[in-house]
Each structure stands twice: as C-alpha cells, then as structure tokens.
Amino acid sequence: MTAQDPLATELVTDANFDAQRYLLACGDLADPYRDGLDSWAHFDAHGRHERRHQLAGLPRTPPADRSPGVTLCAIARNEGSYLIEWIAYHRLIGIDHIVLYSNDSDDGSDALLADLAALGLIDYRPWPGVEGRSSQLSAYQDAIVRCESRWIAFLDLDEFLNLKNDASIGEFLARFDGDVAAIALNWRLFGSAGRVAREAGLVTERFNRASPPDHPFSRQTKTIAVASQIYKVAAHRVRLMHGRYVDASGAALDPGRGFAPVCHDLVQVNHYVLKSRAEFEEKRRRGSGLRAVGDPMKFTHRDGSYFEDHDRNEVIDDSISRWGPALMGAIARLEALLAGVR
C-alpha cells in the first residue's frame, strides 16, 4: 500500500500564485539557477501552460509577523535513544522552536515525540515515506512554508550546532549584517574514538576525537537561513530569492557549491556520523532519509569503506564540553517534565 503523500500541492494559477510555494515545488530547478531567480518569469515560462503545482495552502505566518528567533528542523527514523540529548542541547543554546519529522519509525520514538509535543517542547510531525520522493527534502519544504520564525536551520540527529564563543544562537546571528539571508556552517567530523559497542553516556561526551580542521570533509556545510527567502532547499544548502549567502566569518559565498572555506573559530557543526561501530551498523540498516523511497542505494550507500573513510580520530576536540554541566541540567529538567505526563 502506497503511503499518502504528506506534502500536499495545488494547481497554481494567477489568483493563488505564491512565489515561495511555487518554486519549492519545482523540482526541475537546476543548480545553474542562482539566487535572485524571478519567480513570476519562471511561472510565465513554465507554470501556466504546463499546469504546474505549488505547495498547497499550508498554515504560514507572514514574514513581518514572525518571531526574530530560530526554528530547527530535522527528520528522524528510529533515533529514540538520541532525541533527549539533541533536543535539550539545542534548546540550551537558544533555539526557539524545534520541528521534528518522524519518518516511519518503529522503535517507539513516536510516543516520546508526542509527549514532547504535548509539553510544548517541540513540534512533532509524522512524515511517512512516499515512493520516488526524498522524505528529508520534502520535510524541509514543509518546514520552510510553515515556519513562524525569521530563521530556520536544518540539521540531522547526529549533528550538534557547536557555538564556540557566543552564549546563544541569537548572539551568534547578531554578528551578521541585516542583508545576510543565509549562513554556511562548516562540519567537523567526529570518529568512533575506537569504541566498538554502544556504551552509556551522552554522544557529546563519548566522542571527542575528530578530523583535522583542514580535512576535506570540513569544507562541507549545513545552513541557517531566513525562511521567507528560501526558494529551493537541499541537504546542505539553500537558494535565496533575496539576500546574501555568507560563511561563518561573514565572507561572501557561492551558494551553488555546498562547500565553504573552513571557518571553525566561532561555530562548527559537530558531525557524529558514526558513533561506535555497533551504533553505525544500526544507522546503516535504517537507510537514508535523504534518498528517495525506492532508490536502490537507500540502504546501501553506507556500505563498503564508508566507516573507514569517516572514522577520523586524529585530533581531540572537546570544545562542546563547555556546555556540559548546563546540558546535564537541561536533560534532567526535560526528563522530569516527561515523567509528569507518563
């Protein structure tokens, strides 16, 4: 039985045309399209006579009415054992709103997400896989048009936004000029630290060995952007209708590449892509939310030498430990709240 598509669309007309919802639904927008694309010109050239669709009239808050803060969006499949730490940490650094899409999980984590949503700590959205579609990217599209804050960030459950100096994400964003609409945040790849079995303890405590700063993987980025300006989204980058795309130092960036010169001074995305060998094998069996349902590589792309290629342990990096004591307190408070609703 084919899952019902959770990302509804509608036929676009002159009367209901919405630039963002229209362009987000145009999957054929290729990389040669650069920021500043004229949405009406595209609609005139393609939309009318090709009877194109746009994302349906989802609840959305006008940009002028949105909060100045940050929405964090992620999609999860069988990530139950990691949710509490990840949510508590990102709330601790000042994320206003966390939206978690659950993609066909069967580990019981949907119940946890529902409890967290009932407490007002997250927004929980079940997100079944649909044949031929990337569950991850369709979830991102949904989050963009429903966003109620100025900024939106996209991370995976194995990624933590590590602020090196600033006391909050708001303080970090205040460093940038008002015309900046997207910021590329460099990865820092963390290896298994030689751990084979799953052990007790937080991810951010157990794994503190990473790749050298100048490793090629560090040039890959994740993005935080002004939600109302996004017209296309990928796993690592966005396209903007207006505004500047910069790296974490504020330098101009080519948005088409998905890479940036390594800049870890103020911020990095700690990417715990492997964890222990046992946890990696669990992750490999879950498959990729980015790859479309039906893609023959959905459950094989981490085979072969993937573990060895990503098991980078050359340098000790415990910079995220500055949040450790506060994080333990945040987790305790969150678990106490959960105990009250169970």
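The values are calculated or read from the model by the stated rules, or taken from the named source; none is laboratory data. Nothing here was measured: the structure is a model prediction, and the numbers come from that model. Positions of Cβ are generated from backbone atoms using ideal geometry, with glycine treated the same way; all protein chains shown enter the neighbour counts. SASA here: full protein model, heavy atoms, side chains in, ligands and nucleic acids out. Shrake-Rupley method; radii C 1.70, N 1.55, O 1.52, S 1.80 Å.
Excluding residues on the same chain fewer than 8 positions from residue 222, give the aspartates and glutamates whose Cα lies under 13 Å from its Cα.
In chain and number order, the partners are 156, 158, 159, 247.
Name the lysines eligible as straight-distance cross-link partners of residue 275: C-alpha to C-alpha under 16 Å, and not fewer than 8 places from it in the same chain.
Candidates past the 8-residue exclusion: 283.
With Rg/Rh (Cα atoms, Kirkwood Rh) as the read-out, I listed [x] 0.97; [y] 0.95; [z] 1.14; which label goes with the value calculated from this structure?
[y]
When the helix-only estimate is applied to the chain (DSSP H runs of n ≥ 4, each -39,500 (n - 2.57), divided by the residue count), what is the mean residue ellipticity at 222 nm, nearest 500 deg cm²/dmol?
Values: 10 runs with 84 residues, N = 342.
The helix contribution divided over the chain gives -6500 deg cm²/dmol.
If you rank 209, 333 by how much accessible surface each has, with a 1.4 Å probe, what is the order from largest down? Show your work: numbers first, answer last.
On the way: 209 80, 333 145 Å².
The residues order as 333, 209, largest area first.
At 7 Å along the Cα-to-beta-carbon direction for both residue 45 and residue 316, put a label point, then send me their distance in nm to one decimal.
5.6 nm
Order the peptides 182-188, 118-124 from the highest to the lowest mean number of other Cβ atoms within 10 Å of their residues.
Details: 182-188: 25.1, 118-124: 16.0.
Averaged packing, sorted descending, gives the order 182-188, 118-124.
Ordered by packing density, taken as the mean number of other Cβ atoms within 10 Å over each peptide's residues, highest first, how do 199-205, 245-251, 335-341 rank?
Going by the mean number of other Cβ atoms within 10 Å, highest first, we get 245-251, 199-205, 335-341.
What would the Debye equation give as log₁₀ I(q)/I(0) for the range 18-142 at q = 0.19, 0.21 Å⁻¹, counting only Cα atoms as equal point scatterers?
-1.13, -1.24
For helix 109-118, report the angle its Cα long axis makes with the longest principal axis of the Cα atoms of the chain; keep it between 0 and 90° and round to the nearest 10°.
70 degrees
On a 0 to 90 degree scale, rounded to 10, what angle separates helix 83-92 from the longest Cα axis of the chain?
Long axis of 83-92 versus the principal axis of the chain: about 80 degrees.
Give the relative contact order (percent, whole number) for the chain; include only Cα pairs under 8 Å separated by 6+ residues. Spell out each step's value before the answer.
Details: 655 pairs, mean separation 74.1, N = 342.
Normalised by residue count, the contact order of the chain is 22 percent.
Sort the following peptides by mean Cβ neighbour count (other Cβ atoms within 10 Å, averaged over residues), highest first: 170-181, 288-299, 221-232. If you can, show how the numbers build up before the last one.
Details: 170-181: 14.6, 288-299: 16.2, 221-232: 23.8.
Taking the mean over residues of other Cβ atoms within 10 Å, the ranking is 221-232, 288-299, 170-181.
Enter the angle in degrees (range 0 to 90, nearest 10) between the Cα long axis of helix 277-286 and the first principal axis of the Cα atoms of the chain, meaning the one along which they spread out most.
For 277-286 against the chain, the angle is about 20 degrees.
Roughly what would the spin-label model give for residue 179 and residue 28, points 7 Å off Cα along C-beta, in nm?
So the two model labels end up 3.4 nm from each other.
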